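Take a look at the structure set out below.
Here, each number is a calculation from the coordinates, and none is a lab measurement. For clarity, every value in this text was computed on a predicted model and none was experimentally measured. Counting neighbours? That spans all protein chains shown, and the Cβs are built from the backbone with ideal geometry, glycine included.
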Amino acid sequence: MSLNILYTICDYENNIGLLFFSIIPLFFFIYLVFFLTSQRTGLFNKSYVAFNTIDFTNTKIRSLIVMLLTVGYVLTQNFRYFPEIKLFMNGVGIQFNGKIFVFQLCAILLFCVLCYLTLQYRINLKKEYILLFYFFIFAALNILMQVNLIGIFLLIEMFSLASYIIVAGIGNKIAIEGGLKYALMGMFSSALLIIALIFFLLNYGTLNLLEISLLERYNYLDTNTSNYFITFCSIFLLVSFFFKLAIAPFHQWVVDVYKSASNVSFLWLVSTTKVIVFFVLLLIFESLLHKTSEHLKYIFIFAGITSVFVGTFGGLIQINFKGLFAYSSIVTVGFLVINFVYYFENPEKAAALSFIYLIIYLLNILSFFFFLSKVQQKSLIFGDLRYINNIMKSDKLVGFGLIITFFSFLGLPPLVGFLPKILIFYNLYNEGYLITCLIFIFLSLIGAFYYFKIIKRISLFQETEITFDSTYNLLNVEKISVIERLISIFLIVLNITLIIKYQIFYEFIENLLK
Amino acid sequence: MNQIYLLLPLILLLSCIIINLINKQETINFYLNYVATLSIFIIYCWMFSSLDNTLYGSQYSISIENFPKIFGEVVLCIDGLSSFFLLLTAFLFPLCLLYNYKKVSKNNQYSVLLLLVELLLIICFTASSFFIFYIAFEIILFPMFFIIGFWGSRGRRIHAVYLFFFYTMLGSFVLLFCLFIIYQTYGTLEFNHFFNKNSLSKIEQQILAILIFIGFSIKIPMYPLHLWLPEAHVEAPTVGSVILAGILLKLGGYGMLRVLLPVCNDVIETQKGFFMGIALLSIILGSIAAARQIDLKKMIAYSSVVHMNVGILGLFAEHNTGIIAFIFLMISHGLIASGLFFGVGMVYDRLHTKNLLYLGGLSRLMPKFSVLFFLLVLANMSIPGTSNFVGEICVFFSLIHEKVWLLAIVAIASSFGTTLFCVILIIKTIYSYLYKGLSPIYDLNDHELFILGILVFLIIILGLCPFFIVDPLINYGQFYIANNLI
């Protein structure tokens, strides 16, 4: 296979051009060919009419799913035949040794699910938006293989630019406003990232993560000054990433943007940004958090606690479920970040817990959007909670699924959202951070309030003006098909029973991240 | 044997739940559920008779493999202590199902939720580790949310659900933190291991004792954190109130017995003043509040506060009789409060009021009911011949060894306080003038008569011959002492 040859020949040190000569652009070229060939049709009128219809975009999205699945299959075969591929010459300091493929498979699965959900929301997508979705995929798959910080920066810019357009393009005029806000904030954070890279270059002389890790570990120079300067540099870096993730002092844009975005763009935003930026953080922290961890701990604690604080108290008065999920995403990001406090002592555990929490959050939020698409009404572009009233009267399965997802957001025991939380609390306690543990516990209790509000609206039949009724359902006139019933049952059962296999899952990921 | 006592009830309940979800005919579902719950009761009676009362420790245990081992293995066990509560749960649920038959809309879903609650309670009481107990403790919120929120009758039920849910979650989150501390000191969370000496300092044990107390005091309602109880009992349907008062309040006491006494043993002498003070406050305020109530169910809710706190006084009095009294009081209170709530529910079904001012003269309209209700209210008042009397007397005996002046206050407060509102209750419902505006009503049905009758029968038997339960408890208490607890 050509893979092995490339990796043995090529030298990754300071060679940014290798980005474009690595194997992943093969995917890009395959899809580009497919995309371009689709424009050539024999019947000119039909192609003009079918330019912006729903069927056309749906076929393209389905083809994207198929392509992703084939890519995933190819990767699994690689992993089977070459289990010990070493992507880097030097194993020192870099922990992702050929096991990146598993994360890539997770990302591929995520994107398949997202594409399926965009199909469920029958929006009038223009043809070129699929290419924008593709940029997300490209970035997510390649970002784990980057050795150079500039490569990381380029890929982040790529998917950010695509996301600006997606947010602004799908929906109505408010979406454009949201897209503009998001673009300004994102560009600002990218500028900060460049400044950070400049400082990194000043300090280390390279932007190669391998070399940075070596320098961090085997630095015989005077450590005092470099420590403080590195914290200074890493603050810029972390701030730019915190901007993108919407961690607490830098969270203000998220609420406006998520509220004004349409459901589809909200989906792609929430899931992909977090996944990609989280992978980036994992990459950077394994090389960086060696000596600087003592000072960066305070940043993580501050960011985590303020995120959870803001997220809980901000979400209490929301009447819009997108604003609600914006604040809940702030809370989850707080939970992700606080784990890195003990990264130096126990790196596998920190990364594994954060990753699992993220996965389970994504599972819950995607199942919520699946059920929401069954309940979709045109006015739900604004995401008003009043249209979710009393679903249990008309549609028991969807209502029950929604209840289960929200109870797992809360953290009620037999459901899947309980164990990551309890393990995060326990590990915080174990490493000695008692007060943060207590704060997190009580703020998660307060945060349960706004999920509870939704559960109350769905199931307890209060007398309200607006109840969900099939007459309001302008978009989904058909009944639920068998496949969708099975998927909903599967999601419910998964939520209830995944906790039994949780240990296996957790140990697998912990082994990966060693 | 182990499997029959421990797993068969769970399997029976799960199968009933699944069949209830699939089948839509109410009669078949009812008979199936009733037979299953009765058989579970018979199994537990058999288990109780086959227990060796001279042994201390888990007598039947089974470990479930293939479950995730977070904070320890999943082991279910039956102990001398848990057998009583298992009997109580298995006894109450057939009565609840019998009461619901042909009275409630959507009985299938209601029965599903009830059986789920029973399942979780059995897991709670057979749990051998604190983690399993904690998980079941939290999962119970899920069906109770629907029982109170959906089948309750007024708009205020939403408020009640919020209070219930968030007060118990607060308690459970505090317990989570204590769980971490205990896991770090002991290395396991098995209840048997808590009797070993631990390495916590006095100050740490004090803080831990206060936190655990807060966590469990929300369930046994104690003064500052009891606010959920009146609301939840009033807004819940009758069967929901029965379960709440009959069993869910006992989880707090059970937890205290299992967790607080063994772990924070050295520190109870210094802290018990605080705990007993709060209990005394709850008794006084609860009885005064009950006397001023207009809603029947709120009265009974406050009376349950009073009775549980009297037991708590016995728990923290460092004597064998105190612990026995607490357990006995819990069991008798389970029976009495259930009976009272069933009675009030029967009145509500006929007259659609719980308002004391609208009721009166029921002895003329419903003689059978009035006899049984009268006996229940007397039992609530702790009259000799009923089980409450036995419990309270034993609490007083334990307080003699402890502090005599406290005994005087408690005796006056509890006996006077309870008699106050019980007498008001009797006079106003049964023996007052009959309002002309009350509609003509029928006396009790056969199954309602059975429900109230068997509860009264048990209460009187336990009051006259308490040795069925007290003899095993004496042995249990002796072994508590032998394990350096008192």
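Taking beta carbons within 10 Å but only from partner chains, what does the mean come to for residues B:147-160? Spell out each step's value before the answer.
Values: counts 0, 1, 6, 4, 0, 1, 0, 0, 2, 0, 2, 3, 0, 0.
Neighbouring Cβ atoms belonging to other protein chains average 1 per residue here.
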Can you give me the three principal axis dimensions of the stretch A:105-166 from its C-alpha atoms, in Å, biggest first? 40, 25, 13
Restricting to aspartates and glutamates and to Cα separations under 17 Å from A:LYS60, and discarding same-chain partners fewer than 8 apart, the set is A:GLU128
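Ignore the peptide's own chain and count Cβ atoms of other chains within 10 Å of each Cβ in B:171-182; give me the average, rounded. Can you show the working numbers first?
Values: counts 0, 3, 9, 4, 0, 7, 8, 0, 4, 10, 2, 0.
Mean partner-chain Cβ count within 10 Å for B:171-182: 4.
What net charge do the residues around B:GLY345 carry, taking every other residue with its C-beta under 11 Å from that of B:GLY345, with Lys and Arg at +1 and Asp and Glu at -1?
Values: positive: B:LYS103, B:LYS297, B:ARG350, B:LYS354; negative: B:ASP349, B:GLU448.
So the surrounding residues net to +2.
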Does a label point 7 Å from the Cα of B:TYR435, set along Cα-to-beta-carbon, have any residues of the stretch B:324-362 with amide nitrogen under 17 Å, and which are they? B:344-362
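Order these by the 10 Å Cβ neighbour count, fewest first: B:GLU204, B:GLU118, A:GLU211.
Values: B:GLU204 15, B:GLU118 29, A:GLU211 19.
Taking fewest neighbouring Cβ atoms as first place, the list is B:GLU204, A:GLU211, B:GLU118.
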Can you work out the PRE-style zone for A:LEU161? Point 7 Å along Cα to Cβ, and I want the residues of the stretch A:169-200 with backbone N under 19 Å. A:169-170, A:179-195
Can you tell me how the stretch A:103-210 classifies by the Cα gyration tensor, rounded, prolate or oblate, using a/c under 1.5 as the rounded cut? oblate
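Can you give the translational diffusion coefficient of the stretch A:134-175 in µm²/s, computed by Stokes-Einstein from the Kirkwood radius over Cα pairs at 10 °C and 1.306 mPa s? Mind showing how you got there, number by number?
Working: Rh = 11.0 Å.
Reported coefficient: 144 µm²/s.
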Footprinting exposure proxy for B:THR168, B:THR419 (fewest neighbouring C-beta atoms within 10 Å first): B:THR419, B:THR168
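Calculate the translational D of the stretch A:210-337 in whole µm² s⁻¹ from Stokes-Einstein, where the hydrodynamic radius comes from the Kirkwood formula applied to all Cα pairs, the temperature is 37 °C and the viscosity 0.692 mPa s.
208 µm²/s
Going through the cross-link list A:LYS393/A:LYS456; A:LYS181/A:LYS244; A:LYS274/B:LYS69; B:LYS219/B:LYS250; B:LYS368/B:LYS428; A:LYS173/A:LYS322, which pairs have a Cα-Cα distance over 19 Å in this structure? Show your work: numbers first, answer last.
Details: A:LYS393/A:LYS456 13 Å; A:LYS181/A:LYS244 13 Å; A:LYS274/B:LYS69 30 Å; B:LYS219/B:LYS250 8 Å; B:LYS368/B:LYS428 17 Å; A:LYS173/A:LYS322 17 Å.
The pairs that break the limit, which is 19 Å between Cα atoms, are A:LYS274/B:LYS69.
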dims of the protein assembly as shown, Cα set, principal axes, largest to smallest, nearest Å -> 94, 71, 48
In terms of the alpha carbon gyration tensor, root eigenvalues a ≥ b ≥ c, rounded if a/c is under 1.5 and otherwise prolate when a/b exceeds b/c or oblate, the stretch B:221-307 is oblate
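Going by how many other beta carbons lie within 10 Å of each one, how would you line up B:HIS226, B:HIS447, fewest first? Before the final figure, lay out the partial values.
On the way: B:HIS226 23, B:HIS447 13.
Fewest-to-most ranking of B:HIS226, B:HIS447: B:HIS447, B:HIS226.
Quick one: in the stretch A:152-255, what % of C-alpha pairs are over 23 Å apart?
Working: 2057 of 5356 pairs.
Counting every Cα pair in the stretch A:152-255, those more than 23 Å apart make up 38 percent.
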Hits for chain B under the membrane-span-like helix rule (DSSP H, Cα axial span at least 30 Å, Kyte-Doolittle mean at least 0.5) are B:26-50, B:80-100, B:157-186, B:268-291, B:296-316, B:320-351
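Any chance you could run the full-extension gain for B:LEU281 through B:ASN475? It's 0.36 nm times the residue separation minus the Cα-Cα distance, nm to one decimal.
66.7 nm
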Calculate the radius of gyration of the Cα atoms of the stretch A:312-375 to one decimal place, then report Dmax, the largest Cα-Cα distance, as a whole number, both in Å. 14.4, 47
Can you classify the stretch B:293-356 as rounded, prolate or oblate using the Cα gyration tensor, where a ≥ b ≥ c are the square roots of its eigenvalues, rounded means a/c under 1.5, and otherwise it's prolate if a/b beats b/c and oblate if not? oblate
Work through the residues other than B:SER217 whose Cβ is under 14 Å from its Cβ and net out their charges, Lys, Arg +1 and Asp, Glu -1. +3
